[in-house]
Amino acid sequence: MSGERANTPRVRKAVAVIDLVGFSAFMQAHGIDAALLRLGVFRGIAWACVALQGGVLVKAVADNVYAVFDRREDAQAACAALLARLGPDSISAGIAEGKILLLADDLWGDAVNRASDLGEEQAGPGEILTDGAGRE
């Protein structure tokens with residue numbers, strides 16, 4: 001880790017990791033062009049839902065977006081708004097709270113790992129799971 005990152009203060013945030021459900025199957029069925037169009041729509045609507053709740057979409061990786069919020073309730077509201085706009089089984093999401101290393105284009109920490117596990121591994125289509133504990 002560079003000296004700059006080692007000295008970057010950790011901040012307490014609610015982290016949301018949101019997965020676009022069925023993206024790989026959609027790409028196999030409809031081709032890469034249609035899949036990338038769908039991914040672009042997902043990312044655009046996700047950015048708007050996150051921003052409207054006071055959050056910041058930090059990065060997008062494949063069919064996932066990573067966002068941070070000052071409050072867990074705002075993360076939940078953004079995920080619920082995204083679900084309402086894209087359809088009942090369109091996303092799965094995980095939300096965790098804790099101190100993270102937040103950079104301009106990336107984020108690191110236990111809360112990020114917990115949110116990722118909840119959103120990508122544990123949540124089913126249409127589910128928004130939270131860790132319920134604001135561990136450090």
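May I ask you to verify whether ALA67 is within 11 Å of the chain's Cα centre (by Cα), at pLDDT 95 or above, under 14 Å from ARG12 (Cβ atoms) and not in a helix (DSSP H, G or I)? Criteria not met by ALA67. Consider GLU73 carefully, then state whether it is at pLDDT 95 or above, touching an Asp or Glu at 6+ places or on another chain (Cβ under 6 Å), part of a helix (DSSP H, G or I) and not hydroxyl-bearing (Ser, Thr, Tyr). Answer is no for this residue.
Does SER92 satisfy being in contact with an Asp or Glu (Cβ under 8 Å, 6 or more places away or on another chain), among the hydroxyl-bearing types (Ser, Thr, Tyr) and either surrounded by fewer than 22 Cβ atoms within 10 Å (Cβ to Cβ) or over 16 Å from ALA14 (Cα atoms) (or both)? The answer is yes for SER92.
Picking from residues in the stretch 48-64 that are buried (at least 17 other Cβ atoms within 10 Å of the Cβ) and within 17 Å of ALA84 (Cα to Cα), the one that is nearest to the chain's Cα centre (by Cα) is VAL50.
Within the stretch 7-37, track down each residue that is part of a helix (DSSP H, G or I) and either buried (at least 18 other Cβ atoms within 10 Å of the Cβ) or of a type in the set (A, V, I, L, M, F, W, C) (or both). Within the stretch 7-37, PHE23, ALA25, PHE26, MET27, ALA29, ILE32, ALA34, ALA35, LEU36, LEU37 meet the criteria.
Filtered by the rule that a residue be assigned to a strand (DSSP E or B), touching a residue at least 60 places away in the same chain (Cβ under 8 Å), farther than 15 Å from ALA46 by Cβ and not acidic (Asp, Glu), the stretch 86-128 gives ALA96, GLY98, LYS99, ILE100, LEU101, LEU102, LEU107.
The values are calculated or read from the model by the stated rules, or taken from the named source; none is laboratory data. In this text, all values refer to a predicted model and were calculated from it rather than measured experimentally. Backbone-built Cβ (ideal geometry, glycine too); neighbour counts: all protein chains shown.
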